[in-house]
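**Q** Got a structure here, written out as structure tokens. Questions coming.
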Amino acid sequence: MIAEYDLSNVAEIWGKQLKNRQFDLWRYHELLPIKNPDPLISLGEGGTPLIKAENLGMMVGCPNIFIKDERQGPTSSFKDRQAAVTISALKEAGITELVAASTGNVAISYSAYAARAGIKLWAFLTSLVPAVKMHEIALYGSQVVKVTGTYDQTKKMASEFARQRNLTLDMGTRTISSVEAMKTISFEIAEQLTRMLSPKTDNIHKSLKWRSPDWYVQAVSGGMGPLGVTKGFRELKEMGVVDKLPSIAIIQTDGCAPMVESWKKGLDEPLTVMHPQTHIETLATGDPGRTYILLKQSIDKTGGCFESVSDEEAFRAMHIIAKMEGLSFEPAAGVAFAGLFKLIRNGVIKSTDTVVINCTGHTMPAEQWLLGDDWSRDIELPSYEETPQQDGLLAALNRVAPERFPRIAIADDSLESRRLIRRILQSQGEFTIFEAGDGKELLAMIEKEKPDLIILDLVMPEMDGFEVIEILKRNQDTANIPVIVASAKELTPNEKNRLKGQIQTLMQKGEFLNDEFLGEVRALLK
């Protein structure tokens, strides 16, 4: 069963009224299965920012990457959309109790909205869900039922509990209101992209001519988000609001990737992962059921794909985006970003593509195992009797930031490129970094600062990179400083010969995420 609407009538209403509506989930209420939305239940869901990832785009050579920041929902996850519409539908139907299985975010969102609506929630959770999430669910007044088992086993327990007590069971992707709620992500993206990519376009509401991205990327467990998003874009296309459907990239973690494995084997029916092996519990759904079938149909039609990444790649992506874009998010979103990196590296996503990635939720306090053992540095001040106060402070601060970190000189006439390389390096370790805007400035800096490594652009004013390298190699004090050339220039055979034997590595700008670049930096600094 699916929800259907009079799309031509909706298009007419939107053309006249949308401009004056508040930018939240309910501005699109004609395409939601609610007769009379209750404003008393709303917590301000929807209307989340679409952020252009300028630094990330430069880093991976794909300038039009946008992040749909679903961390900004009332309970910090995209599941707030699902909860807002589903709880409203239950309230409208007179339902007073709900049973739901969850890996955390759904139960938190449902708990908040159920509290607003006066509905009792029975939240069945696998025991692997972090305690901090369980505490929040209980705080809202929901009854937490902790199941020592997999998420799929937890769903079965919730289903049996609901059956025995004749209570309403949340059916996940089979719950019409939940899937319909996720459509609003696509509506917002199309509207926001139009404003951001065509800022001079007037009357976008009256004309209803919006833009779709080339790709929509999301990590999934059960797959409800992309299921709703694909339906939303289909409806927009049928209304004539957008011209095309985006390709959908579904990302899972290697330790629980039944959809990915099934798709890569060309299967129409999904495989089942009986024992998920992942630290990212929110994605540990081993049996995707019919959702895989529905998503496969959409992906095959639009040229999308399924892909998986390791937990380690996801955690690395979390660090990179936090340090590059100032966004801290949940490990599930880290899986999506790691998948994005992989698809760009493999040439699936092109440099000219416009990409929207769903940042599905905020990290609830970062677990120490994610940060590692050296996530902080301690200062222990000696007593005044032992050491003069000023000397004691200096000694303590030197332990926090030693005077001798590996020294790297970056030379590039583009301030943005220098900033990008600096941030990439800082995201991967502790370095002392110097910057120069041209060759002459770099040579003066090298003489003074004596760097351990040089990252050099070739095309610069005053003195280009080729001449800098020749001068360095003629000077016995600088001849052995390793050089990485990072350039957007397509080199001729003659230019490549000039560099042969003079540098350690030649990197194209846009390939900085490649492990080769960071591995080369570490190797050259040993």
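The values are calculated or read from the model by the stated rules, or taken from the named source; none is laboratory data. For clarity, every value in this text was computed on a predicted model and none was experimentally measured. Neighbour counts are summed over all protein chains in view; Cβ atoms, including those assigned to glycine, are modelled from backbone coordinates with ideal geometry.
**Q** Which residues, counting only those in segment 10-45, are outside any loop (DSSP other than H, G, I, E, B) and either among the hydrophobic types (A, V, I, L, M, F, W, C) or in the same structural domain as residue 110 (by TED's automatic domain parsing) (or both)?
**A** Answer for segment 10-45, where residues must be outside any loop (DSSP other than H, G, I, E, B) and either among the hydrophobic types (A, V, I, L, M, F, W, C) or in the same structural domain as residue 110 (by TED's automatic domain parsing) (or both): 10, 11, 13, 14, 18, 25, 26, 31.
**Q** Can you tell me how many residues within segment 190-234 are under 21 Å from residue 20 (Cα atoms), in contact (Cβ under 8 Å) with a residue 12 or more places away in the chain and out of contact with any Lys or Arg (no Cβ under 8 Å at 6 or more places or on another chain)?
**A** Residues meeting the conditions: 7.
**Q** Is it true that some residue in segment 105-122 is within 23 Å of residue 160 (Cα to Cα) and at pLDDT below 90?
**A** For segment 105-122, residues within 23 Å of residue 160 (Cα to Cα) and at pLDDT below 90: absent.
**Q** Could you look through segment 436-458, keep only residues that are out of contact with any strand residue (DSSP E or B) (no Cβ under 7 Å at 6 or more places or on another chain) and among the aliphatic types (A, V, I, L, M), and pick out the one that is farthest from residue 502 (Cα to Cα)?
**A** The qualifying residue farthest from residue 502 (Cα to Cα) is 444.
**Q** With the requirement that a residue be hydroxyl-bearing (Ser, Thr, Tyr) and assigned to a helix (DSSP H, G or I), what does segment 131-151 give you?
**A** Of everything in segment 131-151, just one residue is hydroxyl-bearing (Ser, Thr, Tyr) and assigned to a helix (DSSP H, G or I), namely 151.
**Q** Looking at this structure, is residue 448 free of Cβ contacts under 8 Å to residues at least 24 places away in the same chain, more than 38 Å from the chain's Cα centre (by Cα) and part of a helix (DSSP H, G or I)?
**A** It is true that residue 448 is free of Cβ contacts under 8 Å to residues at least 24 places away in the same chain, more than 38 Å from the chain's Cα centre (by Cα) and part of a helix (DSSP H, G or I).
**Q** If you don't mind, there's one more thing I want to ask. If you take the residues of segment 82-116 that are among the hydroxyl-bearing types (Ser, Thr, Tyr) and assigned to a helix (DSSP H, G or I), which of them is nearest to the chain's Cα centre (by Cα)?
**A** Among residues in segment 82-116 that are among the hydroxyl-bearing types (Ser, Thr, Tyr) and assigned to a helix (DSSP H, G or I), the one nearest to the chain's Cα centre (by Cα) is 109.
**Q** Among residues belonging to segment 46-81 that are part of a loop (DSSP other than H, G, I, E, B) and β-branched (Val, Ile, Thr), point out the one that is surrounded by the fewest Cβ atoms within 10 Å (Cβ to Cβ).
**A** Checked segment 46-81; the qualifying residue surrounded by the fewest Cβ atoms within 10 Å (Cβ to Cβ) is 75.
**Q** Looking at segment 235-260, which of its residues are part of a helix (DSSP H, G or I) and either without any contact (Cβ under 8 Å) to a residue 40 or more places away in the chain or not assigned by TED's automatic domain parsing to the domain that holds residue 312 (or both)?
**A** Hits for segment 235-260 are 237, 258.
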